[in-house]
Amino acid sequence: MFDITNAESYIRIKKIIKYISLIDKEIKILKILVGNKIDIEKDRTVSGFEAQSFLNHYKGFLQYMDISTLTKENISELVSLIYSAFTSPLVFN
């Protein structure tokens, strides 16, 4: 998860994703990139398109999703995605 209003946060998560992609060759890891703080969209510095474009270079990510932990926007959708990933045998293949 990164803060969509903080470019430095996004840069850090990109480094973590690169590291995880090295580990994922040996073990399967559920990966969803989450941008937080969509409740303050006006302060956004990282676009959803930019985050999704970055993920397109890495295999195994289910998707990118924007959420707000403050207003709870898209939280239930995120939980549903995680649940379906663990209950579907196709996700980790």
Conditions (1) within 25 Å of residue 88 (Cβ to Cβ); (2) in contact (Cβ under 8 Å) with a residue 24 or more places away in the chain; (3) out of contact with any Ser or Thr (no Cβ under 9 Å at 6 or more places or on another chain); number of the one not met by residue 20: (2)
Counting just the residues of segment 1-40 that are of a type in the set (Lys, Arg) and under 15 Å from residue 51 (Cβ atoms), which one comes out least open to solvent (accessible area, probe 1.4 Å)? 31
Cβ-Cβ under 8 Å pairs, at least 6 apart or on other chains, segment 43-58 side touching a residue at least 60 places away in the same chain (Cβ under 8 Å) and outside any loop (DSSP other than H, G, I, E, B), far side loosely packed, with under 15 Cβ neighbours inside 10 Å and of a type in the set (Gly, Ala, Ser): none
For segment 62-80, give me each residue that is under 19 Å from residue 3 (Cβ atoms) and within 12 Å of the chain's Cα centre (by Cα). 63, 64, 65, 66, 67, 78
Provide a single number: the residues in segment 60-73 that are open to solvent by 50 Å² or more (accessible area, probe 1.4 Å), among the polar types (S, T, N, Q) and part of a loop (DSSP other than H, G, I, E, B). 2
Please find, among 61, 86, the residue that is in contact with a Leu (Cβ under 7 Å, 6 or more places away or on another chain) and at pLDDT below 85. 61
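The values are calculated or read from the model by the stated rules, or taken from the named source; none is laboratory data. Just so it is clear, the model here is predicted, and its values are computed rather than measured. As a convention, Cβ positions derive from the backbone with ideal geometry for all residues, glycine included, and neighbour counts pool all protein chains shown. Just the protein is used for accessible areas: all its heavy atoms, side chains included, with ligands, DNA and RNA removed. Shrake-Rupley method; radii C 1.70, N 1.55, O 1.52, S 1.80 Å.
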